[in-house]
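Participant: Below is a structure I'd like to ask you about.
The values are calculated or read from the model by the stated rules, or taken from the named source; none is laboratory data. Please read these numbers as outputs of a predicted model, since none were measured by experiment. In this analysis, Cβ positions are derived from the backbone assuming ideal geometry, glycine residues included, and neighbour counts consider all displayed protein chains.
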Amino acid sequence: MKKSLVALAFGTLALGITEYVMMGILADVASSLNVSITKAGHLISAYALGVTSGAPLLTVAHKYGPKNILLVLAGVMLCGAVISSLAPDYYTLLVARFISGLPHGAYFGVASIVAVRLADEKHQNSAMSVMVAGMTVANLLGVPLGTALSSGISWRVPFVFVIAVSIAVLYYIWKWVPDIEPLPDHGYKRQFGFLKSGAPWLIIIATMLGNGGIFCWYSYISPILTDEGGFTEAMLPMLMIAAGGGMVIGNILCGRLSDKYSPGRVAGYTQGLAAVVLLAIFFLSRFGWVSAALMVVCTACLFGASVPQQFLILKHAPGGEMLGGASIQMAFNLGNAFGAFCGGLPIDAGLPVNYAALAGVPFAFAGFCLLMIFCKRYEQRQ
C-alpha cells in the first residue's frame, strides 16, 4: 500500500472522528451546556452546513497544487478542533462545528483526485476506498474511544484527540504526498460545466437522499439502542465499534466490487439494501441484538455506497473534478443535516425513537431509484 494513500486516509480519519463523534457524545454535550437533545442535534447540522459552504472554495483554489491545498485544509481541521475543545458555551461550539466542517468536502474533492492519479486504471476504486478508509476507522475505533472518553472524563477530550490527529495529518501529507501538477485551468465557468449533464445531478441527489435516509436513523442511534433495544449506556462504545466494523467491511467490499462491476449498480443495490434494512430496524428495534446486527448491515451500506459514488462523480465531472468530488461530500452532509432533522420530527411529536428509522425509508428508496435511472441512462450493463 502506498504511503501517500495512507497519508490521505489520516485526513479522512480526522474528519471522520470530528463529524461522527458528536452522535456518541450528544447527551453529554447537551447536559454540560444545558440544552435539549434536539437543540444539541443542531451541532450535527452546523458541521454539515460548514461542509456545503467550504466545498465551493475549490473553484478559486484549483489552480494551486493538490498537496498545498491539502495542507491548508488540514490546518483548518486543526483550528476547528482547538476551538471545539475550548468552547465555553453552546453557541461557540456551534460556530466551531461550522468551522470544522469547512475543509471536509474540499478535502475529499482534492484527495479523491490524488488517490485516482496515484493508482493504476484497474484499481482506482480500491485506491479510493483506502483514502475513504480513514472515515471507517474513525467509526470503528475513534468514535467509540471518543464516546468512552466523554463518558469517563469530559466531552472536550475527544476534540483534544482530534487535535493530535490533525497535527499528524499535516506531517504525513507534507512528508508522504508527492507534489502533483494542478489540474488544467479552464476558467471559472468551465468548472461548473459538468452540471449541464443529467448524470452528475442523479449521482449527487441520490447521494443526498440515500445518505439522508440512513442518517434519519443513525443520528439517533444511541437512544434507539438504549430506549428501544434495552442496551445500557456502558455497552454503547462496544456497539459503536460494531457499527464502525460494518463501515469498514462495506467500504472495502464495495470498493473491490466497483473495480470488477458497474460502480453505479454497486451503489444502487447498496442503497436499496439500506432501505430494506431501515424498515426492518423500525419493526425489530425492540429485539436488541437483532437491531444491533441490522445496525452493522446499515452502516456497511452507508460507506459501501460512498466509494462508487465518489468515483462516479469524478468520471462525470470533466473540467470540474475538484468541485465534483467535493459536491458528493456536500450531498452526503446535506443528507446528514436533513436526515437528523427529519429523524427528529417523529421524536418531537412524541412517537418512539424507532420511528426515526421509518422516516428514513422513503429517502433511501428514492436514492436507490435515482441510481437505477443513472445506470440505465449512463452505464452499460456489465
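Participant: Could you look through region 250-290, keep only residues that are over 21 Å from Phe332 (Cα atoms), touching a Ser or Thr at 6+ places or on another chain (Cβ under 7 Å) and of a type outside the set (D, E, K, R), and pick out the one that is surrounded by the fewest Cβ atoms within 10 Å (Cβ to Cβ)?
Facilitator: Among those that are over 21 Å from Phe332 (Cα atoms), touching a Ser or Thr at 6+ places or on another chain (Cβ under 7 Å) and of a type outside the set (D, E, K, R), it is Leu284.
Participant: If you check every pair at least six apart or on different chains, which have Cβ atoms under 6 Å apart with a residue in region 335-355 that is more than 17 Å from Thr207 (Cα to Cα) first and a residue that is aromatic (Phe, Trp, Tyr) and in a helix (DSSP H, G or I) second?
Facilitator: Pro346/Tyr355; Asn354/Phe282
Participant: If you check Val130, Val137, Val143, Val162, which single one turns out to be at pLDDT below 80 and under 26 Å from Met22 (Cβ atoms)?
Facilitator: Working: Val130 fails: at pLDDT below 80; Val137 fails: at pLDDT below 80; Val162 fails: at pLDDT below 80.
Of Val130, Val137, Val143, Val162, the one residue that is at pLDDT below 80 and under 26 Å from Met22 (Cβ atoms) is Val143.
Here's the yes/no breakdown for (1) touching a residue at least 12 places away in the same chain (Cβ under 8 Å); (2) under 17 Å from the mean Cα position of the chain (by Cα):
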residue: Gly142; (1), (2): yes, yes
residue: Gly152; (1), (2): no, no
residue: Trp155; (1), (2): yes, no
residue: Phe161; (1), (2): yes, no
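Participant: So the check is Cβ under 7 Å with 6+ separation or different chains; which pairs have a first residue in region 77-98 that's touching a residue at least 60 places away in the same chain (Cβ under 8 Å) and a second one that's among the small types (Gly, Ala, Ser) and part of a loop (DSSP other than H, G, I, E, B)?
Facilitator: Between residues of region 77-98 that are touching a residue at least 60 places away in the same chain (Cβ under 8 Å) and residues that are among the small types (Gly, Ala, Ser) and part of a loop (DSSP other than H, G, I, E, B), the close pairs are Leu93/Ala87.
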